[in-house]
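Since the structure comes first, as structure tokens, the remarks are kept for the end.
The values are calculated or read from the model by the stated rules, or taken from the named source; none is laboratory data. All of these numbers come straight from a predicted model, not from anything done at the bench. Counting neighbours? That spans all protein chains shown, and the Cβs are built from the backbone with ideal geometry, glycine included. Only protein heavy atoms, including side chains, enter the accessible area calculation; ligands, DNA and RNA are left aside. Shrake-Rupley method; radii C 1.70, N 1.55, O 1.52, S 1.80 Å.
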Amino acid sequence: MIKNIVWLFMTALFFLIVSGCSGNKDGEEARLSLMNTTQPAPIELNFQEKDKSVAYQVREDVNKVDEIYDAAVIEGKKEIIVAYKVKHLQRFNMKKIEKKLQAQLKRKYPQKKFIVSSDYKIFLEAIRLKEAMEKENISTDEAKKRFKKIINLEKEMT
């Protein structure tokens, strides 16, 4: 009798462990998205010509930084959001990289205000805004509202 109970308990425990370890694949996919490079084109909300656009120049400057492997740039009327992903081994130096990048951009483009972030949520929101502008054809006003929401989100995080 006790042997049967122990055997039943061990079998149930085995299936519980196996089913718990099989888990969902979302976690693995989300982790990989941190490592994938998307290199999105800059978003311009002030609709200048590409030659005059600071956003394309900023993206080129950010991509030249060795510690950074992916960047999303959104150019508004006065502000430019620069969201970037840092190489894995450089994650310990994220604050230094952010300060260095902020100073470099401010020196090169003194007329613009930069919001620089290595936060993945800001990066995702920038990508979502770009996709919404391309695929959903959202209005300029809606894009500007989302831009301001991203700025407010960044301010809340700091």
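In table form, for the structure just shown:
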{"read-out": "Qualifying position, being polar (S, T, N, Q) and in contact (Cβ under 8 Å) with a residue 24 or more places away in the chain, among 117, 139", "value": "117"}
{"read-out": "Single match in 86, 62, 82 (criterion: open to solvent by less than 90 Å² (accessible area, probe 1.4 Å) and farther than 19 Å from residue 43 by Cα)", "value": "86"}
{"read-out": "Test: residue in the stretch 137-152 that is in contact with a Phe, Trp or Tyr (Cβ under 6 Å, 6 or more places away or on another chain), modelled with pLDDT of 90 or more and open to solvent by less than 20 Å² (accessible area, probe 1.4 Å)", "value": "no"}
{"read-out": "Candidate set from the stretch 108-141 (those that are among the aromatic types (Phe, Trp, Tyr) and touching a strand residue (DSSP E or B) at 6+ places or on another chain (Cβ under 6 Å)); member that is farthest from residue 80 (Cα to Cα)", "value": "123"}
{"read-out": "Residue in the stretch 112-123 that is over 23 Å from residue 54 (Cβ atoms) and either surrounded by 13 or more Cβ atoms within 10 Å (Cβ to Cβ) or β-branched (Val, Ile, Thr) (or both) present", "value": "yes"}
